[in-house]
Amino acid sequence: MENQPEMKTETKNLELENDGLNYLKETRMWTNFLSILGFVFLGLMLLMFLVVIAVPKSGILGNFEAMMFIPMLLLIAVYFFPIYYLFMFSKHSKQALMNSDKSLMTVALKYLKMHYRFMGILVIVIFSIYLIVFLIALAAGSFFNIFS
């Protein structure tokens, strides 16, 4: 126990010039606008979904609605998180800029990181799905080409 080296915690300070603070304020306003717009569109998607569910089903359209139930809810749930993270970045960065609070700015930047990490993973998943569909279509095309 006595032979262990002392742990030094080093903090680094980063100061922004007025231009940097102005850029951050403008970025915060745009992220606030985009997140509120995102919540509005999610609400509209949910409202449309509920209206489609409430309309009486008949024939082929009824089967289509049943098939779209899970993907639509999944889409709404998936897009909620990046919009929420963007909103939380905007909220915390506004408070941090108003109060010159470094810890609030750290929380805000954490939410911004979470937003971009989520979007990056989402892009990777979507591209993977595209690749799989492309490979299946290529295989199916070559399969049917052999037998024609």
Any chance you could count how many residues in segment 28-48 are touching a Leu at 6+ places or on another chain (Cβ under 9 Å) and either within 25 Å of K110 (Cβ to Cβ) or of a type outside the set (A, V, I, L, M) (or both)?
6
Quick check on segment 9-32: of everything there that is in a helix (DSSP H, G or I) and among the hydrophobic types (A, V, I, L, M, F, W, C), which residue is surrounded by the most Cβ atoms within 10 Å (Cβ to Cβ)?
L24
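Each row is one residue, and each column tells you yes or no for (1) under 30 Å from T11 (Cα atoms); (2) not β-branched (V, I, T); (3) not in a helix (DSSP H, G or I).
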residue: L34; (1), (2), (3): no, yes, no
residue: V51; (1), (2), (3): no, no, no
residue: S103; (1), (2), (3): yes, yes, no
residue: F127; (1), (2), (3): no, yes, no
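All of the numbers you see were taken from the coordinates with simple rules; none came from a lab. All values reported here derive from a predicted model rather than from experimental measurement. FYI the Cβ positions are ideal-geometry reconstructions off the backbone, even for glycines, and counts take in every protein chain you see.
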